[in-house]
1. Considering only the range B:160-169, state which residues are without any contact (Cβ under 8 Å) to a residue 12 or more places away in the chain and part of a helix (DSSP H, G or I).
2. Pick out the one residue from B:46, B:30 that is more than 22 Å from residue A:136 (Cβ to Cβ), more than 14 Å from every other protein chain (Cβ to nearest Cβ) and touching a helix residue (DSSP H, G or I) at 6+ places or on another chain (Cβ under 7 Å).
3. Test residue A:45 against the stated conditions and say whether it is more than 25 Å from residue A:179 (Cα to Cα), at pLDDT 95 or above and among the charged types (D, E, K, R).
4. Can you name every residue in the range A:166-175 that is farther than 14 Å from residue A:107 by Cα, more than 8 Å from chain B (Cβ to nearest Cβ) and among the hydrophobic types (A, V, I, L, M, F, W, C)?
5. Show the residue pairs meeting these rules: Cβ distance below 7 Å; 6+ apart or different chains; first residue within the range A:42-67 and under 10 Å from residue A:24 (Cα atoms) and in the same structural domain as residue A:24 (by the TED database); second residue among the acidic types (Asp, Glu) and near DNA strand C (Cβ under 8 Å from one of its atoms).
6. Quick one: would you say residue B:136 is farther than 30 Å from residue B:159 by Cβ and surrounded by fewer than 15 Cβ atoms within 10 Å (Cβ to Cβ)?
7. Within the group A:178, A:205, which residue is at the interface with chain B (Cβ under 8 Å from one of its Cβ atoms), of a type in the set (Val, Ile, Thr) and free of Cβ contacts under 8 Å to residues at least 40 places away in the same chain?
8. In the set B:147, B:104, which member is assigned to a helix (DSSP H, G or I), surrounded by 18 or more Cβ atoms within 10 Å (Cβ to Cβ) and within 14 Å of another protein chain (Cβ to nearest Cβ)?
Number of protein chains: 2
Amino acid sequence: MDERKWLFDLLNADEHQFSEKQVNILQAAIDMFAEKGYAATSTSEIAKRAGVAEGTIFRHYKTKKDLLLAIVKPTLFQSVAPFLAKKFVKDVFEDEYEHYEQFVRAVFKNRYEFVKTYLPAIRVLWQEMAFHGDIKIQFQTIFINHVYDKFKQIVEHFQQKGELAPLPPETIIRMTITTIAGFLATRFLIMPDYPWDDEQEIERTIQCLMNGLKA
Amino acid sequence: MDERKWLFDLLNADEHQFSEKQVNILQAAIDMFAEKGYAATSTSEIAKRAGVAEGTIFRHYKTKKDLLLAIVKPTLFQSVAPFLAKKFVKDVFEDEYEHYEQFVRAVFKNRYEFVKTYLPAIRVLWQEMAFHGDIKIQFQTIFINHVYDKFKQIVEHFQQKGELAPLPPETIIRMTITTIAGFLATRFLIMPDYPWDDEQEIERTIQCLMNGLKA
DNA sequence: AATGAAAGTGAGTAATCACTCACTACACGA
DNA sequence: TCGTGTAGTGAGTGATTACTCACTTTCATT
């Protein structure tokens, strides 16, 4: 059961106690939702894979959708975790990062490890966001309240230092995020079997981005 | 029925004749698959929305999956349509495009119009590719056979002209595609309600990309 | 008008769906 | 040792599923 430490991290397992069977259910649900999708996965299949009676699922989760949300919500928060940390912006302004490039590199490597570790849960989040309006709204709310404002401050900080082009901050934020997310999506979703040299490709990607954004 | 011309274009309706009821079925299926997903949409719902008996669907499509493929396959080909055109690479080599930037701008605007026009069908393709291995393999096959090789020739052409950085062509291709796809995904999927100035934002995006890739 | 093929129909079917409920197993404090 | 609460069970339920089939309608060709 050691390989499941990541699940406890993801679920913030300190606050809520999970029995072993409950962990089995969540693990099975994540794997099957990621493979076949939420709608195409039946609760009886989840129960079978988890080694549990079907009724046990509904003891812990009122509905199948509840089970989905128990997976999606913590994944959503972990997706933007760096920006939720209080000291994050302070680090930038107190010259923890001297250049935007260092900041981008830190975020990039951090999110690379995150995607690598939690890939199945992230698949579920992104796939089901397309079908469930409530999940999409939650994502947009979190992004606007916790990511966008802080990101904007950081970008404007480096623009004032004359490091970044005088583009609208929205454009710089979008270019930065789609460049990082584009690599991660290509690397882990679209072409996971390609013989990647991750270190080098990340470095090349950052160089392209910085050349594109510099003043 | 005039607004449906795009459906005929998408389906290559010259080769196969479609009755009106059959077009209704495809239209309803595209819309509902895009909204709720393939697995969460029942054939009885499709029939109701199309104003058709449920049996009529199965007269034309042996299974529900067949109906999905009838939507997905032509969309897949249209997605990479520019690269399927024979004269496409020739245009580049015969100085139809003097600079890589002009080539990128042409592809960008072309795909922008494509996504804008066929958005629901494209949603279906991308959403269901995650769940159906056969669709994903078809996509990868088409990309490798018809897009990658031509794209690589074009990139190497402009590298020899000293216009593009001496990066691996794979990296330049990936950066170009994820930059374009990243904008289109943000524009049409993630934040369709944001007050976009498309012309200007496309131009900014191209400038960032070109600065990032230039020698 | 007769014919035949294709298009369209809708009641019917077995399987599967999410979910319920009466029940058992077991831990723990009194 | 008893009572109580929580975790777990699995047969059962009505609704819904993809799909079938015997049938009717439409329509071009003779």
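1. Residues of the range B:160-169 that are without any contact (Cβ under 8 Å) to a residue 12 or more places away in the chain, as a first pass: B:160-161, B:168.
Answer for the range B:160-169, where residues must be without any contact (Cβ under 8 Å) to a residue 12 or more places away in the chain and part of a helix (DSSP H, G or I): just B:160.
2. Details: B:30 fails: more than 22 Å from residue A:136 (Cβ to Cβ).
Sole residue among the options that is more than 22 Å from residue A:136 (Cβ to Cβ), more than 14 Å from every other protein chain (Cβ to nearest Cβ) and touching a helix residue (DSSP H, G or I) at 6+ places or on another chain (Cβ under 7 Å): B:46.
3. On the way: more than 25 Å from residue A:179 (Cα to Cα): yes; at pLDDT 95 or above: yes; among the charged types (D, E, K, R): yes.
Judged against the criteria, residue A:45 is a match.
4. Passing the criteria: only A:172.
5. Taking only residues 6 or more apart or on different chains, the pairs are A:47/A:54.
6. On the way: farther than 30 Å from residue B:159 by Cβ: yes; surrounded by fewer than 15 Cβ atoms within 10 Å (Cβ to Cβ): no.
No, not satisfied.
7. A:178 is the lone residue from the list that is at the interface with chain B (Cβ under 8 Å from one of its Cβ atoms), of a type in the set (Val, Ile, Thr) and free of Cβ contacts under 8 Å to residues at least 40 places away in the same chain.
8. So the residue among B:147, B:104 that is assigned to a helix (DSSP H, G or I), surrounded by 18 or more Cβ atoms within 10 Å (Cβ to Cβ) and within 14 Å of another protein chain (Cβ to nearest Cβ) is B:104.
The values are calculated or read from the model by the stated rules, or taken from the named source; none is laboratory data. Not measured: the values here are computed from a predicted model. Don't worry about glycine lacking a Cβ; one is built from the backbone with ideal geometry, like all the others, and counts go over all protein chains shown.
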